[in-house]
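Asker: There's a structure below that I have some questions on.
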Amino acid sequence: MSAGWTTPNDIAARVRRRWDDGSLLRAYANGDRFDPIEVPLRGPKPSQVGDDLAAAREWVAALDAGRRDDSRYTLQWQSIGGRQIGRNRLPIRAVVSMDQAWALLGVTTLVRRFDELLVLAQQHPQVRKWIVDNPHRALALAHEMPQLIAAYTWLDAHRNSNRYLREISAPGVDTKFAERHRPVLAAMLGVSSTASGFLAGLGLKCKPGLVRLRPAPSLASRLRSPSWRCVPRSWRSSRCNHAQR
């Protein structure tokens with residue numbers, strides 16, 4: 001069989017590009033009209049069929065076996081030949097429907113998992129939108145999606161509450177979880193993913209920063225600690241204002 005002729009693996013590779021860029025899952029989630037993927041086949045020319053009929057038959061047999069009774073793709077055929085070699089039917093195109101694409105790529109289990117994520121997010125339009133826009137990232141986070149939705153729900157309900165992030169009380173969620181998944185939560189909530197922008201966008205309190213002060217030498221012995229001491233910025237500000245008054 002010629003190295004330039006299309007194989008079942010070539011058909012799968014063409015379809016996989018649509019899987020890898022997320023367009024197949026997005027179309028599936030949105031219920032978009034799906035135009036079957038058509039893959040033109042490179043095969044033997046009439047002259048090559050006459051020169052090596054066995055190779056041509058081997059190529060046809062491989063493509064025919066690869067379709068697995070049309071569960072993976074469907075072949076379109078064309079008759080070629082004439083008086084010298086007789087009439088022969090050769091496949092000229094592979095056509096792949098959405099269901100066939102899942103079988104061809106071996107991703108049926110992942111599609112079922114994606115369905116489960118869509119069901120989880122059905123009460124939260126912004127979460128569902130993020131899942132549809134980022135299907136492969138969502139699948140990678142599938143086991144944590146219940147906690148992500150719980151965190152999203154709590155944060156969305158506590159916008160402009162002036163509370164600290166550490167007060168989050170969503171089931172299975174703590175501060176470390178929220179910080180670790182801040183980029184995802186920020187995208188769902190429509191705020192900046194930077195640490196400060198995330199809190200500011202949600203109207204949450206920032207943890208007070210610390211400044212380093214060096215007390216006067218005469219006070220160092222009374223403090224019984226190193227001469228450098230960290231205090232909250234807000235404390236320093238209030239003390240300074242009090243001193244000025």
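Asker: Among the chymotrypsin sites (Phe, Trp or Tyr not before Pro) within the stretch 1-39, which fall in a DSSP loop and have no more than 16 other Cβ atoms within 10 Å of their own Cβ? The partial results should precede the final answer.
Answerer: On the way: sites: Trp5, Trp19, Tyr28, Phe34; in loops: Trp5, Phe34.
Listed in order of number, the matching sites are Phe34.
Asker: Projected onto the charge dipole of the stretch 25-139 (+1 at Lys/Arg Cβ, -1 at Asp/Glu Cβ, origin at the Cα centre), which of Ala55, Pro44, Pro135 gives the Cα projection farthest towards the positive end?
Answerer: Farthest along the dipole direction, towards plus: Pro44.
Asker: So how compact is the stretch 8-105: Cα radius of gyration and Dmax in angstrom?
Answerer: When restricted to the Cα atoms of the stretch 8-105, Rg and Dmax are 15.7, 53 Å.
Asker: If you don't mind, another one. Using only the Cα atoms of the stretch 107-202, what semi-axes does the equivalent ellipsoid have when each is the square root of 5 times a gyration tensor eigenvalue? Give whole Å, largest first. Let's see the in-between values first.
Answerer: Working: eigenvalues 118, 32, 27 Å².
So the three semi-axes of the stretch 107-202 are 24, 13, 12 Å.
Asker: Take Asn160 and Thr194, extend 7 Å from each Cα along the Cα→Cβ direction, and tell me the distance between the two endpoints in nm.
Answerer: Taking the two extended label points, one gets 2.3 nm.
Asker: Moving on to the next point. I need the calculated FRET efficiency for the pair Ala55 and Gln126, taking r as the beta carbon distance and R₀ as 51 Å, to the nearest 0.05.
Answerer: On the way: r = 56 Å, r/R0 = 1.10.
For Ala55 and Gln126, the calculated efficiency is 0.35.
Asker: Of the trypsin sites (Lys or Arg not before Pro) in the stretch 142-196, which ones lie in a loop per DSSP and count no more than 16 other C-beta atoms within 10 Å? Mind showing how you got there, number by number?
Answerer: Working: sites: Arg159, Arg163, Arg166, Lys176, Arg180; in loops: Arg159, Arg163.
Counting only loop positions with at most 16 other Cβ atoms within 10 Å, the trypsin sites (Lys or Arg not before Pro) in the stretch 142-196 are Arg159, Arg163.
Asker: Please compute the net charge surrounding Thr175, taking Lys and Arg as +1 and Asp and Glu as -1 over other residues with Cβ under 14 Å from its Cβ.
Answerer: Summing Lys and Arg as +1 and Asp and Glu as -1 gives +4.
Computed from the coordinates by the stated procedures, all read-outs in this text should not be read as laboratory data. Just so it is clear, the model here is predicted, and its values are computed rather than measured. Don't worry about glycine lacking a Cβ; one is built from the backbone with ideal geometry, like all the others, and counts go over all protein chains shown.
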